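Participant: Here it is: the structure, laid out below.
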Amino acid sequence: MQEFKFHISLPANSITATKKFYHEQLKCPIGRNSVNWIDINLFGNQLTFIESGDFSFKVKKYKFDDTVIPIFHFGVLLDNKTWSILFDELKNHEFFWLKPTTFLADKSGAHTSFFIQDPNGYVIEFKAFNKQDEVFTA
């Protein structure tokens, strides 16, 4: 099956802070933008942030294995090498939401993730599967 990229559009408190975080901290290329919106290239996927001022999602959390994570989050599936390089670059920053955690250990779909939080409050998961062919296995 052909692989496609995703696009998501999200409200932002501040385009300036959002641009700084994604471009300077995560090293994401910036695409089209204006004073009130910006496209971010997150590993080939298009995130569009539109300045909205204050907003709120009443976000609940759930327990996966023994770890509590927010229901609303998005992320990127990375190979183990890229995941390790990114983690090493980001591990000492204050925006970490959850340090590396292994989920489904010794089961189909085993993966390790770390979570960060952007200046808008969005939680972003970076995930590396032990076996790449188990991304969608039950």
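Participant: Test of understanding: among Thr16, Thr102, which residue is closer than 21 Å to Asn130 by Cα, more than 15 Å from the chain's Cα centre (by Cα), among the β-branched types (Val, Ile, Thr) and surrounded by 13 or more Cβ atoms within 10 Å (Cβ to Cβ)?
Facilitator: Working: Thr16 fails: closer than 21 Å to Asn130 by Cα.
Just a single option satisfies the conditions, and that option is Thr102.
Participant: Then there is this: Would you say Ile8 is more than 23 Å from Phe72 (Cβ to Cβ) and of a type in the set (A, V, I, L, M)? Full working, then the answer.
Facilitator: Values: more than 23 Å from Phe72 (Cβ to Cβ): no; of a type in the set (A, V, I, L, M): yes.
Criteria not met by Ile8.
Participant: Based on this model, can you work out whether Leu78 counts as modelled with pLDDT of 95 or more, more than 25 Å from Pro11 (Cα to Cα) and in contact with a strand residue (DSSP E or B) (Cβ under 8 Å, 6 or more places away or on another chain)? Reasoning before the result, please.
Facilitator: Values: modelled with pLDDT of 95 or more: yes; more than 25 Å from Pro11 (Cα to Cα): yes; in contact with a strand residue (DSSP E or B) (Cβ under 8 Å, 6 or more places away or on another chain): yes.
Answer is yes for this residue.
Participant: So is Val68 under 14 Å from Glu125 (Cβ atoms) and surrounded by 14 or more Cβ atoms within 10 Å (Cβ to Cβ) or not? Don't jump to the end; show me each part of the working.
Facilitator: Numbers: under 14 Å from Glu125 (Cβ atoms): yes; surrounded by 14 or more Cβ atoms within 10 Å (Cβ to Cβ): no.
Judged against the criteria, Val68 is not a match.
Participant: How about the range 29-70: which of its residues are at pLDDT below 90 and farther than 30 Å from Thr102 by Cα?
Facilitator: If the condition is that a residue be at pLDDT below 90 and farther than 30 Å from Thr102 by Cα, then Gly53, Asp54, Phe55 are the ones that fit.
Participant: Wholly within the range 52-110, which strands (runs of 3 or more DSSP E) include no fewer than the required count, namely at least 1 residues that are in contact with a helix residue (DSSP H, G or I) (Cβ under 7 Å, 6 or more places away or on another chain)?
Facilitator: Details: elements: 61-64, 67-70, 74-77, 96-103.
Passing ranges, in order: 96-103.
Participant: Right, next: Yes or no: Phe74 in contact (Cβ under 8 Å) with a residue 24 or more places away in the chain, surrounded by 14 or more Cβ atoms within 10 Å (Cβ to Cβ) and not assigned by TED's automatic domain parsing to the domain that holds Leu26? Lay out the reasoning, then the answer.
Facilitator: On the way: in contact (Cβ under 8 Å) with a residue 24 or more places away in the chain: yes; surrounded by 14 or more Cβ atoms within 10 Å (Cβ to Cβ): yes; not assigned by TED's automatic domain parsing to the domain that holds Leu26: yes.
So Phe74 fits the description; yes.
The values are calculated or read from the model by the stated rules, or taken from the named source; none is laboratory data. Remember, it's a predicted structure, so these values are computed and weren't measured experimentally. Cβ atoms come from the backbone with ideal geometry, glycine included; neighbour counts cover every protein chain shown.
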